Amino acid sequence: MRIRSLLAASCLGLMLAFPVISHAVSLLPVDEAAKQSDFFTFRAQLQIALTKRDKAAVLAVVSKTVQNGFGDDNGIDNFKKNWAIDKPNGKLWETLGAVLALGGSFQSDSSFSAPYVASSWPETAGDGFENIAIVGNKVNVRKAPKTDSEVLQTLSYEVVPLDANDHGNDEWVAIKLPDGKKGYVSRSFARSPVDYRASFEKVDGRWQMTSLLAGD
């Protein structure tokens, strides 16, 4: 019995000294747009319109009943107001551009959701408010939120927990690594599934954007 006790104590000591590292949940990029040539062309034209800040071209593909959120501010008039569509430096151009650049997937033959982080979020990845996806290959995780800080490790297309006690800043996201350490990732390489996302539906033979919203 004494030997068993010693072995148990020894194993416990090793577990405390070397914490068990959980398996990472991967979320590889997905873009199914090319599965339907008409949607692929539609999205490419919309991306060009966003680059040119072409208000008329963008509004032409927005549904009159577009969902802008989870309240009572839906519809194209509220879309124009909320996104300050008349301003060439408004948030719409960059926000929707980023959504489209991150691919997406078909929910049916007549429905497409973007970006892939939202449309393909795995159940094993947990709550979207508590975890975040790394959207890059060999992304540096730094010890402090600055570009010259020590690199703790790199991550590639993985879902990691957010640090509940540190919300980071406009440029950096605070995350928890499998070994329990805190690190910082550039926001340009991190994406939440509850960040802005868009839905597109084919209605009467024509693709339309039926929602652009964030949250849950």
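Rule-based calculations on the coordinates, nothing more; no lab input. Please read these numbers as outputs of a predicted model, since none were measured by experiment. Ideal geometry is used to build each Cβ from the backbone, glycine not excepted, and the neighbour counts take in all protein chains shown.
Angle of helix 37-51 to the longest C-alpha principal axis of the chain, folded into 0 to 90 degrees and rounded to 10: 90°. Ellipticity at 222 nm from helices only: DSSP H runs of n ≥ 4 in the chain, each -39500 (n - 2.57), divided by the residue count, give -8000 deg cm²/dmol. Here the convex hull built on the C-alpha positions of segment 126-205 has a volume of 115 cubic angstrom per residue. Candidate cross-link partners of residue 87 among the aspartates and glutamates, defined by an alpha-carbon separation under 19 Å and a same-chain spacing of 8 or more, comprise 54, 77. Here the spin labels are modelled as points 7 Å beyond Cα on the Cα-Cβ line, and at residue 124 and residue 34 they lie 2.7 nm apart. GNM on the chain, alpha-carbon springs under 10 angstrom: the most fluctuating residue among 206, 197, 53 is 206.
Of all stretches in the chain that contain no chymotrypsin sites (Phe, Trp or Tyr not before Pro) in a DSSP loop with at most 13 other Cβ atoms within 10 Å, the longest one is 130-216.
Taking 132, 85, 175 as the candidate residues, the one with maximal mean-square fluctuation in a Gaussian network model of the chain, Cα springs under 10 Å, is 85.
Calculated on the Cα set of the chain, radius of gyration then Dmax: 21.6, 81 Å.
Please list, or write none, the aspartates and glutamates whose alpha carbon is within less than 18 Å of the alpha carbon of residue 182, excluding same-chain residues fewer than 8 places away. Partners found: 130, 148, 150, 158, 163, 166, 170, 171.
Relative contact order of the chain, taken over Cα pairs closer than 8 Å and 6 or more residues apart, is 22 percent. In the distance distribution for segment 55-157, Cα-Cα pairs more than 24 Å apart total 44 percent. Put the Cα centre of segment 34-108 next to the Cα centre of segment 124-195 and the gap is 27 Å. The residue 182 and residue 82 beta-carbon pair, evaluated with R₀ = 30 Å, returns a calculated FRET efficiency of approximately 0.30. Comparing mean-square fluctuations of 190, 133, 44 from a GNM of the chain with C-alpha springs under 10 Å, the top value falls on 44. Tell me, in nm to one decimal, what length is gained between residue 48 and residue 151 on full extension, where the rule is 0.36 nm per residue of separation less the Cα-Cα distance? Net length gain for the segment: 33.4 nm.
For the chain, the longest principal axis of the Cα atoms and the long axis of helix 2-17 meet at an angle of about 40 degrees.
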